[in-house]
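I have placed the structure first, in the form of structure tokens, so that the comments after it can refer back to it.
The values are calculated or read from the model by the stated rules, or taken from the named source; none is laboratory data. Since we're looking at a predicted model, the values are computed, not measured. All Cβ positions, glycine included, derive from the backbone under ideal geometry; neighbour counts span all protein chains shown. Remember, those area values only see protein heavy atoms, side chains included, never the ligands or the DNA or RNA. Shrake-Rupley method; radii C 1.70, N 1.55, O 1.52, S 1.80 Å.
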Amino acid sequence: MKKLEVPARKAMPLTTRMMLQNKAWAQSQVDRDPRFFARLADQQAPKVLWIGCSDSRVAADTITGTDPGSIFVHRNIANVVVHTDLNLLSVMKYAVDVLQVDHVIVCGHHGCGGVRAAMTDQDFGLLNEWLRHIKDGYADHFDEINAISDPRLREDRMVEVHAIRQLQKLAKTSIIQKAWATRGSPTLHAWVYDLSDGIINELLVIDSNHEMKPPYGFDFSK
Ligand code: CO
């Protein structure tokens, strides 16, 4: 008698599982709110712009418990704000001028691999040039950061200093300053997310009352 061949049970490919989970998720949204997709398909009206790290563990909507449609997102390695980055500037311009967001959040996170890498002398090839933006911040706060003896706390502090510096860079852009002058918004927030407990803490808030020191301030009446 021929032995019955039982095909080896293969694990479902990850992307197939993701597609199936997507169908289940879409159905659950409709079950909860039949108009969910109809409403979102018409337009998006997020009130928040999120500038965060590409790190897979720091998903803007998941960690803030918000639904799709709530947050306009830009992510890059170590949530760096580069004032000549056309990608970031385009996202900002659209979010601030067209979507008219009320809040811009720069969210760093403890345990950030980008910040950790920038604090070392290791060669990361092309990434060196990106990490250089963080290295410059580290250099400006070198003594303060290195006075912290515990390596983890030292890195955590650099993550926070970095997020604060990125927020200050945002405030220097004419996109933000013009919006402040014309509509008194958005408010800028530097946040830090802790991977170990999932909690976000606010580090700095800058709003339209902020006095921008020369030569960074713009006079839009001229
Ligand atoms: Co990171």
Notebook entry, point to check: Hey, what angle do you get for helix 174-183 against the long axis of the chain, alpha-carbon based, 0 to 90 degrees rounded to 10?
Noted result: 80
Check: Which lysines does Lys213 reach when only Cα atoms under 30 Å apart count, and residues fewer than 8 places away in its own chain are ignored?
Finding: Lys47, Lys93, Lys135, Lys169, Lys172, Lys178, Lys222
Item checked: Accessible area (Å², per residue) of segment 153-222, counting only protein heavy atoms and a probe of 1.4 Å -> 54
Item checked: Net lengthening on full extension, Ala24/Thr84 (0.36 nm per residue, minus Cα-Cα) -> 17.5 nm
Notebook entry, point to check: Over segment 149-214, what relative contact order in percent results from Cα pairs under 8 Å that are six or more residues apart?
Noted result: 28
Notebook entry, point to check: Rounded, prolate or oblate: which fits the chain, taking a ≥ b ≥ c as square roots of the Cα gyration tensor eigenvalues, rounded meaning a/c under 1.5, else prolate when a/b beats b/c?
Noted result: oblate
Note to self: Among DSSP bridges having both ends in segment 45-206, what percentage is antiparallel? Round to the nearest 5.
What the structure shows: 30
Margin query: Rounding to the nearest 10 and keeping the result within 0 to 90°, find how far the Cα-based axis of helix 127-140 lies from the longest principal axis of the chain.
Written below: 40
Checklist line | Acute angle (nearest 10 degrees) that the helix 14-32 long axis makes with the longest principal axis of the chain, alpha-carbon atoms | finding: 80
Checklist line | Exposed-loop-free span, longest in the chain, where GluC sites (Glu not before Pro) count as exposed if DSSP calls them loop and at most 12 other C-beta atoms lie within 10 Å | finding: 6-210
Next item on the list: Can you check what the net charge comes to around Arg17, using other residues whose Cβ is under 13 Å from the Cβ of Arg17 (Lys, Arg +1; Asp, Glu -1)?
Entry: +2
